[in-house]
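Report on the structure given below.
The values are calculated or read from the model by the stated rules, or taken from the named source; none is laboratory data. None of these values were measured; they are calculated from a predicted model. Here Cβ is always computed from backbone atoms with ideal geometry, including for glycine, and neighbour counts include all displayed protein chains. To get the accessible areas, we keep the full protein, side chains included, count just its heavy atoms, and leave off ligands, DNA and RNA. Shrake-Rupley method; radii C 1.70, N 1.55, O 1.52, S 1.80 Å.
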Amino acid sequence: MIVDAHLDLAHNVVDLGRDLTLPLPELRRRDAHTDVPVVTLPALQEGLVGVCFATLWVDPRKYADPKSAHTQALKQLDVYLGWEEKGLVRILRDQASLQGHLALWPQDKTPALVILIEGAECIREPGEVAFWKSHGVRLIGPAWNRTRYCGGTREPGGLSALGVELLQAMNEQGLALDFSHMDEQAFWEALEVFQGPVCATHSNPRALLGGEGLEFSNRHLSDAMIQAIGQRGGMIGTVLFGFFLDHTWKRGMERVELEVVGKHMAHTASLIGWDKVGLGSDFDGGFGMHENPNGLNQPGDLQKIADLVPKSFQQGVLGENWLRWLRSIF
C-alpha cells in the first residue's frame, strides 16, 4: 500500500471543476486546463494508493476574509463527505476506522482519506477547532502564506497571539500539527507551545535548495528543523514539485530527473532515519504532470520511488512509515 500525505483533491473539484471520479485518461481528454491532471480516484485505486491526506485548501486569492474562507472550505469538505456516502472513499477518523480500512483494502482497493486543513484561515477563530474535528479533520497546517495565525511561505514571521490559541485548541482536541509552509520562526515557537503529534506532510530539505536567502527558502526545512521533527517522532513527506526538488528548475524546462527525489529523501533520512521519511506528492497542487519529475505521470508511478531507497526501507517509505505514524495519532 502507498500512502501519499498530500493531495489537493477537493481543490481540483471545487476550484478547477475537475471530476475526479473519472478514470484518469478520460479526465485528461475532457480537461481544459494547461496543466495535465495527475490524480483521480480510479487512478489512486489502480495505483495502489491506499491512504492519502486530502486537503481543505482555500486559495488566498479567492477569499476576502475568514468567513468566506470558511464557506469555501465547507464546500470542499462536502466533496469528501459526498464521495464517502457513495462508497468511493473511506474517511479515517479514529483507530477503528483505520484498522477497518486496512482489513478491507486488500480486497476492494478503495482509497481512504485523512482530512487536513492547509492554511488555517478557514478556521474563523481558535474555538472552532472542535467543529472541524467533529467534521473529520485530523491535521491542521496553520500556514500557506502568512495567515492570521503565523508566518508562512515567502511571508516570514512567528506565531501571533491567535496562533498560540489555535495550537492550544489543537492540543485540547488531539489534532496533529503539519509544519509544511510554516516560517522557521513560527516553527520553533510552535514546538514550545504544541505538545501533540507533528509532521511535515510535503516539505524538502533546504540544504539541497540553495540554502538561505532565496525567494522560497522559508518554504523548505533547515537541517535543524528536520532533526527537531524527528526528535518529536514526526514524519516528513517528500514533495515532488520540480522547483522544490531543484531550485534552478523553471516551468517550461525539461522535467527534473526522478533520481533527484532520492537525493532529497536520503538527506532527510541521514538526519532522522529512513523510518521517518515518506511521500507527500502534492500532485495537482497547482501544478500538473509536466511539473513533476520525469516518469511520475500518475499515482501508480509512485512505486518507482522505491528503487531510489535502500531495499530494507522501501516499503516503509512508500507507506508503512506513514501508517505507523497514523496509528500513533488516532
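A few remarks follow.
- In this Cβ point-charge picture (+1 for Lys and Arg, -1 for Asp and Glu), the stretch 6-125 has a dipole of about 140 debye about its Cα centre.
- Dimensionless Rg/Rh of the stretch 183-330 - Kirkwood Rh, Rg from C-alpha atoms: 0.95
- Bridge type composition, the chain - antiparallel percent by DSSP, nearest 5: 10 percent
- Relative intensity, log₁₀ I(q)/I(0), of the stretch 251-330 from a Debye sum that treats every alpha carbon as a point, q = 0.15, 0.18, 0.19 Å⁻¹: -0.57, -0.79, -0.86
- In straight-distance terms, cross-link reach from K67 covers every one of the aspartates and glutamates whose alpha-carbon lies under 13 Å from its own, apart from those fewer than eight places away in the same chain; here that gives E121, E125, E128.
- Normalised by the number of residues in the stretch 216-330, the mean separation of alpha-carbon contacts (under 8 Å, six or more apart) gives a relative contact order of 29 percent.
- Each listed q (0.09, 0.11 Å⁻¹) maps to a log10 I(q)/I(0) for the chain from the Debye sum over equal C-alpha point scatterers, namely -0.40, -0.63.
- Within a Gaussian network of the chain (alpha carbon springs, distance under 10 Å), most fluctuating of A112, A96, A169: A96
- Based on DSSP H segments of at least four residues, each scored -39500 (n - 2.57), the chain has a per-residue ellipticity at 222 nm of -10500 deg cm²/dmol.
- For the stretch 175-288, a simple Cβ point-charge model (Lys and Arg +1, Asp and Glu -1, everything else neutral) yields a dipole of about 160 debye relative to the Cα centre.
- Taking other residues whose beta carbon is less than 9 angstrom from the beta carbon of H181, and scoring Lys, Arg as +1 and Asp, Glu as -1, yields -2.
- Reciprocal of mean inverse Cα separation for the stretch 67-116 (Kirkwood radius, Å): 11.8 Å
- Between F187, S203, T268, the Cα set farthest toward the positive side of the dipole of the stretch 176-330 (charges on each charged residue's Cβ, about the Cα centre) is that of T268.
- When you filter the trypsin sites (Lys or Arg not before Pro) in the stretch 71-136 for DSSP loop state and at most 14 other Cβ atoms inside 10 Å of their Cβ, you are left with K86.
- Dimensions of the stretch 1-48 from C-alpha coordinates, computed as largest minus smallest value along each principal axis and given longest first, are 32, 19, 16 Å.
- Relative contact order computed over the chain (Cα-Cα under 8 Å; 6+ residues apart), in percent: 19 percent
- Dipole magnitude (debye, nearest 20) for the chain, charges at Cβ of Lys, Arg, Asp, Glu: 340 debye
- Projection of the Cα convex hull of the stretch 40-194, averaged over all directions and equal to a quarter of that hull's surface, yields 9.4 nm².
- Where both bridge residues fall in the stretch 60-203, DSSP classifies roughly 25% of the beta bridges as antiparallel.
- Alpha carbon centroid spacing (whole Å) that separates the stretch 1-67 from the stretch 99-128: 14 Å
- Carbon plus sulfur fraction of accessible area for the stretch 208-321, probe 1.4 Å, in percent: 50 percent
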